[in-house]
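The values are calculated or read from the model by the stated rules, or taken from the named source; none is laboratory data. Fair warning: this is a prediction, and the values are worked out from it, not measured in the lab. No Cβ is skipped: glycine too gets one built from the backbone with ideal geometry, and neighbour counts run over all protein chains shown.
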Amino acid sequence: MDFLRFLADYRTPELTSLFGMFTHLGEEFISITIICFLYWCYDKQMARKICLSYFASGLLVQALKITFCIPRPWILDRSFQPVSSLQDSATGYSFPSGHTQNSTALFGSLAFLSKKTWQRIVFSLIILGVGFSRMYLGYHTPKDVITSLCIALFFVFFINQLHDITSISNKKIALFLSTYSFVILLYALMRKNLSNADLTQFHDCFKAVGAGLGFSLGWYVEPHYINFKEQAVAPFMQAIKLLLGLLLALLLKYGLKALLGTSFTADTLRYFILVCFIMILYPIIIHRYFTQHN
């Protein structure tokens, strides 16, 4: 808390705007947009590898959140004031940091896979900027940020050390991911029934489980039954393809929320369907309407 108070003493409107932009880079919408671009339009094998790090580290971070149940800094110390304008981005428990995990898994993977030094530097600066922004804005302690950074980097390095991930059968990886997700699901169901559980803090964990299950299904189904070509049309059509897909994904995400509500079951099902759309359903549309068939 002392470090957060130190940072708070140096807050200015300009720095708050700067680190507000950095914190947005660790949010779900940015991650989904980049992953969808890579998967639908650029290099789906790269996207699949990045998603392995992203979802695996995300599930572990969410499990740790509901294990330690550490409140946000302003709850730990009522005299501490975070930046209120972006406080809605601080959902769930404080430890570890979800934004830091998101950005590290995504941009860390991109840095690892990049061949140009300047790209690695840019991606690394984004990771550091997002992590520091969460402390500057008063939403996380250094322990929250550093723990997430280490977890995400572990998965990034471990998965990227598998030089040819295609040598491992899709069935085995899908089975591992689905089992991993189900274990976290069972753990979350057990934890939420404890007498001291704050159920308002559990939603992100169930969303992560739904996303993990959707990704594990997509990991197996797409290469076996769809195998769409991500670069099969002209650049203009690539842009149309991406914008249409993102629009449909947003409509699906918020439409399902309005339809299903915000229960834990609804959270799990909504994110399962959303990721299945990204990994399976939209690739079917791409294969049908955005591929130059001979």
Note on Phe158: of the conditions (1) in a helix (DSSP H, G or I); (2) at pLDDT 95 or above, unmet is (2)
Tell me whether the stretch 148-155 contains one or more residues that are outside any loop (DSSP other than H, G, I, E, B), closer than 22 Å to Met21 by Cα and without any contact (Cβ under 8 Å) to a residue 60 or more places away in the chain.
yes
Within the stretch 123-141, the residues that are among the β-branched types (Val, Ile, Thr) and within 16 Å of the chain's Cα centre (by Cα) are Ile126, Ile127, Val130
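Here is a yes/no grid of residues against (1) modelled with pLDDT under 90; (2) under 20 Å from Ile32 (Cα atoms); (3) of a type outside the set (Asp, Glu); (4) over 14 Å from the mean Cα position of the chain (by Cα):
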residue	(1), (2), (3), (4)
Asp88	yes, yes, no, yes
Thr91	yes, yes, yes, no
Ser94	no, no, yes, yes
Phe107	no, yes, yes, no
Ile121	no, no, yes, yes
Lys143	no, no, yes, yes
Ile146	no, no, yes, yes
Ile165	yes, no, yes, yes
Leu177	no, yes, yes, yes
Residues that are among the small types (Gly, Ala, Ser), out of contact with any Cys (no Cβ under 8 Å at 6 or more places or on another chain) and surrounded by fewer than 19 Cβ atoms within 10 Å (Cβ to Cβ): does the stretch 145-157 have at least one?
no
When (1) surrounded by fewer than 16 Cβ atoms within 10 Å (Cβ to Cβ); (2) part of a helix (DSSP H, G or I); (3) not acidic (Asp, Glu) are applied to Lys241, the one that fails is (1)
Tally up the residues in the stretch 157-182 that are in contact with a Phe, Trp or Tyr (Cβ under 6 Å, 6 or more places away or on another chain) and either without any contact (Cβ under 8 Å) to a residue 40 or more places away in the chain or under 24 Å from Tyr93 (Cβ atoms) (or both), please.
0
If you go through the stretch 244-261, how many residues are surrounded by 12 or more Cβ atoms within 10 Å (Cβ to Cβ) and in a loop (DSSP other than H, G, I, E, B)?
0
Among the residues of the stretch 189-211, the number that are crowded, with 22+ Cβ neighbours inside 10 Å and under 12 Å from Leu59 (Cα atoms) is 7
Extreme residue, nearest to Ser94 (Cα to Cα), among residues of the stretch 191-220 that are at pLDDT 95 or above and aliphatic (A, V, I, L, M)
Ala208
When you scan the stretch 108-126, how many residues do you find that are in contact (Cβ under 8 Å) with a residue 24 or more places away in the chain and under 10 Å from Val156 (Cβ atoms)?
5
Regarding the stretch 210-232, can at least one residue be identified that is aliphatic (A, V, I, L, M), within 23 Å of Lys65 (Cβ to Cβ) and in a helix (DSSP H, G or I)?
yes
